[in-house]
Amino acid sequence: MNTFDKVYKAVKKIPKGKVTTYGAIAKYAGISNPRVVGYALHANKNPDTIPCHRVVNAQGGLAKGYAFGGLGIQKQLLTNEGILFVGENVEINRYLFKFKLS
């Protein structure tokens with residue numbers, strides 16, 4: 001399985017109404033640099049099945065370069081799932097999905 005496929009597999013595990021971070025995905029997928037997660041998500045050809053809108057930075061910030069319509073679309077998708085914001089950031093402590101590491 002290539003690196004991007006590992007990222008996509010991890011992102012598919014994030015349940016509706018939760019978010020996780022680039023760093024958490026990198027750790028779970030065995031990737032040393034969280035930026036690679038961002039590259040993979042930007043290249044995502046299946047946003048309907050790979051919910052990349054559920055990935056935020058460590059402070060709960062949205063992706064400035066969200067590939068599927070920009071910040072406004074990412075925020076709307078998360079809001080539609082019941083996720084609340086403080087300013088422009090997701091309430092990370094409330095909505096953070098944690099991977100079970102084996």
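Read-outs: derived from the displayed coordinates by stated rules, not from any lab. These numbers were taken from a predicted model, which means no experiment stands behind them. Every residue, glycine among them, receives a Cβ derived from its backbone with ideal geometry; neighbour counts consider all protein chains shown.
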Next on the checklist: Straight-line reach from Lys98: which lysines fall under 19 Å, measuring Cα to Cα and dropping same-chain residues less than 8 apart?
Outcome noted: Lys6, Lys9, Lys12, Lys13, Lys16, Lys18, Lys27
Checklist outcome for this item: Sequence order, the range 73-84: Karplus ³J(HN,Hα) from phi using 6.51 cos²θ - 1.76 cosθ + 1.60, θ = phi - 60°, Hz rounded, Gly and Pro as x, gives 5, 4, 5, 5, 4, 5, 4, 4, 8, x, 7, 9
Checklist entry - Taking only DSSP H segments of four or more residues, each worth -39500 (n - 2.57), what value at 222 nm results for the chain once the sum is divided by all its residues, to the nearest 500 deg cm²/dmol? => result -11000 deg cm²/dmol
Next on the checklist: In Å, what Kirkwood hydrodynamic radius results for the range 1-54 from the alpha-carbon pair distances?
Outcome noted: 10.8
Item to check | the range 57-102: GluC sites (Glu not before Pro) in DSSP loop, at most 12 other beta carbons within 10 Å | outcome: Glu88
Checklist outcome for this item: Counted neighbours (other Cβ, 10 Å), sorted fewest up, put Arg94, Arg54 in the order Arg94, Arg54
Item to check | Amide H contacts of Thr21 (H built 1.01 Å from N, under 5 Å, at least 5 apart or other chain) | outcome: Val56
Checklist entry - What is the calculated FRET efficiency for Asn80 to Asp5, with r their C-beta to C-beta distance and R₀ = 30 Å, to the nearest 0.05? => result 0.65
Checklist entry - To one decimal place, what orientation-averaged projected area in nm² is obtained for the convex hull of the Cα set of the range 3-95? => result 5.2
